[in-house]
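Reviewing the structure listed below.
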Amino acid sequence: MDQFHALLTASYGRHYLAQRITKDSLGNPMLGQELIQVSTPAKQHIGAVGDQLLLESTSADQARIIQIEPRENLLYRSDAFKSKLIASNVDQILVVLATQPAFSPDLLGRAVVAAEANQIDLHILLNKSDLKENLAHARKIIEPYARMGYPVSEVSAKFDPESIEALRPVIQGKVSVFVGQSGMGKSSLLNAWVPNAAALTQEYSVRLDTGKHTTTACRYFELPEAWGRGANGKLGALIDSPGFQEFGLAHMSVSELQHAFREFKDLLGKCRFHNCAHQSEPDCAVREAVERNEIAPERLTLFRQLRSDSKTADTQLQGISQAKQRWSTLATKPSKR
Ligand SMILES: Nc1nc2c(ncn2[C@@H]2O[C@H](COP(=O)(O)OP(=O)(O)O)[C@@H](O)[C@H]2O)c(=O)[nH]1
Ligand SMILES: [Mg+2]
Ligand SMILES: [Zn+2]
């Protein structure tokens with residue numbers, strides 16, 4: 001049977017669409033136009049948008065997964081009971097916030113933790129900057145992140161084309177995934193950058209048979225050819241993820257959490273107790289830094305919350321954590337950084 005390489009470009013539950021990876025006349029990687037329906041035998045191949053697949057044709061526009069190639073990274077969220085894959089092989093997270101409706105600071109914090117843990121770049125987009133009323137409030141919540149060095153851009157997908165244009169260099173040649181609640185303007189940003197996005201969204205939704213549930217699907221949109229390619233020969237893409245309210249990180253161990261808080265790094269090992277939970281222990285270097293205004297109190301609150309949610313508390317010491325066992329087929333390559 002015909003085997004070929006493809007990219008998983010849309011997922012809706014366990015339904016996937018993929019596009020053939022081909023080459024253009026200059027040898028650059030190119031995605032085939034045709035959407036291939038992908039079936040997954042049993043549970044062994046759980047895919048994420050961004051996955052490189054080895055497929056085998058089963059009919060003209062259908063195929064089954066032979067193999068999911070090792071991933072550079074895999075973004076997912078999980079609570080005590082289940083995990084949901086967001087996307088894989090991404091270069092960057094674009095956190096989309098808006099002046100209104102008010103966004104969840106907790107979700108922003110968690111997205112930042114996920115980015116750090118996966119060593120993925122992160123850029124904060126404050127959309128609807130045309131709505132001035134809540135602008136100051138939104139800026140105030142974002143400020144600690146700007147202070148930690150995360151880039152922040154204020155944009156208006158609807159009313160400020162220049163603000164959209166100005167971000168081209170940030171997304172060009174990279175695979176970026178949108179993370180944000182619904183109503184923040186992810187689709188509006190996508191449509192502002194990718195002219196055929198609306199049409200492709202429609203096509204994905206027909207082929208995935210999502211019915212009205214278009215917003216629970218993850219979809220991959222290649223950036224316009226006219227933008228040119230990045231240094232790596234890639235066009236780059238935007239991945240529209242479903243708007244979510246929760247970003248559970250129960251799969252992260254305490255040690256992973258510590259390292260995912262950028263501003264805690266210099267303080268690790270400086271608390272009196274090596275296993276300090278930064279709660280009420282004496283001589284806690286993290287708490288002292290909060291008191292000196294060097295760490296935002298919300299960040300310590302978030303750390304404590306994530307620590308208590310962690311389902312993999314000390315299992316690192318016992319070998320493989322439950323979460324990793326469960327996702328053992330989702331092997332990731334060691335990070336390049
Ligand atoms: N005022 C204003 N409204 C916007 C802007 N961007 C998006 N919206 C509106 O916000 C709502 C949600 O946008 P949408 O792109 O669907 O958000 P998504 O759920 O994150 O994909 C829609 O009614 C948009 O018209 C903006 O820059 N300014
Ligand atoms: Mg949307
Ligand atoms: Zn401490």
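None of the figures in this text is laboratory data; all of them are computed from the coordinates on show. If you're wondering where the values come from, they're calculated on a predicted model, not measured in any experiment. Ideal geometry is used to build each Cβ from the backbone, glycine not excepted, and the neighbour counts take in all protein chains shown.
Using only the Cα atoms of segment 89-174, what semi-axes does the equivalent ellipsoid have when each is the square root of 5 times a gyration tensor eigenvalue? Give whole Å, largest first.
That gives 20, 17, 10 Å for the three semi-axes.
When the gyration tensor of segment 3-68 is built from Cα positions, what are the square roots of 5 times its three eigenvalues, in whole Å, from largest to smallest?
Values for segment 3-68, descending: 20, 12, 10 Å.
Quick one: dipole size for segment 242-301, taken about the Cα centre, charges +1 on Lys/Arg Cβ and -1 on Asp/Glu Cβ, in debye to the nearest 20.
Roughly 120 debye for segment 242-301.
For segment 65-213, take the convex hull of the Cα atoms, compute a quarter of its surface area, and give me that in nm², please.
Computing the convex hull of the Cα atoms and averaging its projections yields 10.8 nm².
Only sites in a loop by DSSP and with at most 13 other Cβ atoms within 10 Å count here; which trypsin sites (Lys or Arg not before Pro) in segment 13-103 make the cut?
Here the trypsin sites (Lys or Arg not before Pro) that fit, given the DSSP loop and packing criteria, are ARG14, LYS43, LYS82.
Select from GLY233, GLY50, GLY248 the residue whose mean-square fluctuation is largest in a Gaussian network model of the chain (Cα-Cα springs shorter than 10 Å).
Sorting by GNM fluctuation, first place goes to GLY233.
Once fully extended, how much extra length lies between GLU294 and LYS270, figured as 0.36 nm per residue of separation less the alpha-carbon to alpha-carbon distance?
Going from the current span to full extension adds 7.1 nm.
Hey, what angle do you get for helix 297-309 against the long axis of the chain, alpha-carbon based, 0 to 90 degrees rounded to 10?
So the inclination is approximately 70 degrees.
Given a 10 angstrom Cα cut-off, can you work out which residue in SER11, SER156, SER255 is the most mobile in a GNM of the chain?
Comparing SER11, SER156, SER255 in the GNM, the peak value goes to SER255.
What translational diffusion coefficient, to the nearest whole µm²/s, does the chain have by Stokes-Einstein, given a Kirkwood radius computed over alpha-carbon pairs, a temperature of 25 °C and 0.890 mPa s viscosity?
Once the numbers are plugged in, D ends up at 116 µm²/s.
Could you tell me what percent of the DSSP beta bridges with both partners in the chain are antiparallel, to the nearest 5?
Bridges in the chain are about 60 percent antiparallel.
Tell me the label-point distance for the pair LYS158, ASP309, using the 7 Å Cα-to-Cβ offset, in nm and rounded to one decimal.
Roughly 3.0 nm, to one decimal.
Using a simple charge model, +1 on the beta-carbon of Lys and Arg, -1 on the beta-carbon of Asp and Glu, nothing else, what dipole does the chain show about its Cα centre, in debye to the nearest 20?
That gives the chain a dipole magnitude of about 540 debye.
Provide the FRET efficiency to the nearest 0.05 for the GLU165-ALA102 pair, computing r from the beta carbons and using R0 = 22 Å.
The calculated FRET efficiency here is 0.20.
Highest GNM mean-square fluctuation, the chain, Cα pairs closer than 10 Å: which of LEU238, LEU131, LEU26?
Most flexible of the set in this elastic network: LEU26.
Modelling each spin label as a point 7 Å along the Cα-to-Cβ direction, I'd like the ASN196/LYS132 distance in nm, to one decimal.
4.1 nm
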